[in-house]
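The values are calculated or read from the model by the stated rules, or taken from the named source; none is laboratory data. What you see is a predicted model; the values in this text were computed from it and never measured. A quick note on method: Cβ atoms are made from the backbone with ideal geometry, for glycine too, and the neighbour counts reach across all protein chains shown. Just the protein is used for accessible areas: all its heavy atoms, side chains included, with ligands, DNA and RNA removed. Shrake-Rupley method; radii C 1.70, N 1.55, O 1.52, S 1.80 Å.
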Amino acid sequence: MEAVILFPAIDLKNGQCVRLEQGDMARATVFNLDPAAQAQSFAAQGFEYLHVVDLDGAFAGKPVNAAAVEAMLKTIKIPVQLGGGIRDLATIEAWLAKGITRVIIGTAAVRDPELVKSAAKKFPGRVAVGLDARDGKVAVEGWAETSQVTVLEIARRFEDAGVAAIIFTDIARDGLLKGLNLDATIALADAITIPVIASGGLASIEDVKAMLTPRAKKLAGAIAGRALYDGRLDPASALTLIRDARAAA
């Protein structure tokens, strides 16, 4: 239980903090014009770890919102994991050197698994894999394309590679506040040894409670986005639940 972390999410588009619905760039809601201020707010609320995605970077295949990310790193002391447009070793090294705690490799994990393996070996504990699924199949290129490979097939490629975590997103639920797909996430966590973080659809305190039940004991945490921004999830209540569960473990 000790490892369960609730990650607040900051998704970057055009230098702004947004949330998408089902990964559709045309369905973006801007929640904050100043991502660094948003990061500071999350840190002040007591969150321990920030989840950031460069949405433009995911489509472009290279970092696009670097200025916004760097501004966040200057503003907060809590660790940051970053995904979006990280497709080669040079980009990984550059972000880690700038102070990112953990990089998330998504598209490249499907197209170039050797990149993940060599990066995880070179930077132990600092490389995570983002697997975003539509009907169980992994989507790539900012979710614009769906591959023919299942999440479990890809995840198994990285067993024993030293990957810090797998972030599993159910695209069908992302940004829609339908609740986490815990069944699929727990099934994945039970099938591999790599820690799994749930993402997509977290809607309320009920999702946090479900994440702390015995059947979810292998989950390393969950990512919260829209529910935090529109007030459906109270940060203090959620973090207290997690702290209490840790203390009782």
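So, in nm, how far is label Ala97 from label Ala3 when the simple model puts each one 7 Å beyond its Cα toward the Cβ?
For Ala97 paired with Ala3, the spin-label model returns 3.0 nm.
Could you work out the helix-only [θ] at 222 nm for the chain, with each DSSP H run of four or more residues adding -39,500 (n - 2.57) and the total divided by the number of residues, to the nearest 500 deg cm²/dmol?
Helix contribution divided over all residues of the chain: -10500 deg cm²/dmol.
Given H placed on each backbone N at 1.01 Å, which residues far from Asn14 in sequence or on other chains put an amide H within less than 5 Å of it?
Asp56
Using modelled backbone amide H atoms (1.01 Å from N, in-plane), which distant-in-sequence or interchain residues come within less than 5 Å of Ile5's amide H?
Placed amide hydrogens put Gly221, Ala222 under 5 Å from Ile5.
So, in nm, how far is label Arg156 from label Arg232 when the simple model puts each one 7 Å beyond its Cα toward the Cβ?
If labels sit at Arg156 and Arg232, their model points lie 3.4 nm apart.
Within the stretch 52-79, name every residue whose backbone N is under 16 Å away from a label modeled 7 Å from Cα of Ala90 along the Cβ vector.
Residues passing the 16 Å test: 61-64.
Determine the relative contact order of the chain: mean sequence separation of Cα pairs under 8 Å and six or more apart, normalised by residue count, in whole percent.
For the chain, the relative contact order is 18 percent.
Please give the FRET efficiency for Ala187 paired with Ala249, using the beta carbon to beta carbon distance and R0 = 30 Å, rounded to the nearest 0.05.
Values: r = 23 Å, r/R0 = 0.76.
Rounded to the nearest 0.05, the efficiency is 0.85.
Kindly count the pairs of lysines across the chain whose alpha carbons are less than 19 Å apart, treating pairs on different chains or eight or more residues apart as eligible. Present the calculation step by step, with values, prior to reporting the outcome.
Working: Lys13/Lys62; Lys62/Lys98; Lys74/Lys98; Lys77/Lys98; Lys98/Lys122; Lys178/Lys209; Lys209/Lys217; Lys209/Lys218.
Close lysine pairs found across the chain: 8.
Could you tell me what percent of the accessible area of the stretch 46-194 is made up of carbon and sulfur, with a 1.4 Å probe and every protein chain present?
52 percent
What accessible area per residue comes out for the stretch 143-237, rounded to a whole number of Å², with a 1.4 Å probe?
40 Å²
Hey, what do the phi angles of the stretch 71-84 turn into as Karplus ³J(HN,Hα) couplings, whole Hz, using 6.51/-1.76/1.60 and θ = phi - 60°, x for Gly and Pro?
Per-residue couplings from phi come out as 5, 5, 4, 6, 8, 10, 9, 6, x, 10, 9, 10, x, x Hz.
If you plug each phi of the stretch 184-198 into the Karplus form 6.51 cos²θ - 1.76 cosθ + 1.60 with θ = phi - 60°, what whole-Hz ³J(HN,Hα) values come out, in order, with x for Gly and Pro?
5, 5, 5, 4, 5, 4, 6, 8, 10, 9, 6, x, 10, 10, 7
If only Cα atoms are counted, what is the Rg of the chain, and what is its Dmax, in Å?
16.3, 45
Per-residue HN-Hα couplings for the stretch 204-213, Karplus 6.51 cos²θ - 1.76 cosθ + 1.60 at θ = phi - 60°, whole Hz, x for Gly and Pro?
3J(HN,Hα) across the stretch 204-213, in whole Hz: 6, 4, 4, 5, 5, 4, 5, 5, 9, 7.
Counting only heavy atoms of protein chains, what accessible area per residue, in Å², does the stretch 5-130 have with a probe of 1.4 Å?
39 Å²
How long, wide and thick is the stretch 1-123, going by the Cα atoms along their three principal axes, in whole angstroms, largest first?
Taking the Cα atoms of the stretch 1-123, the three principal extents are 37, 37, 29 Å.
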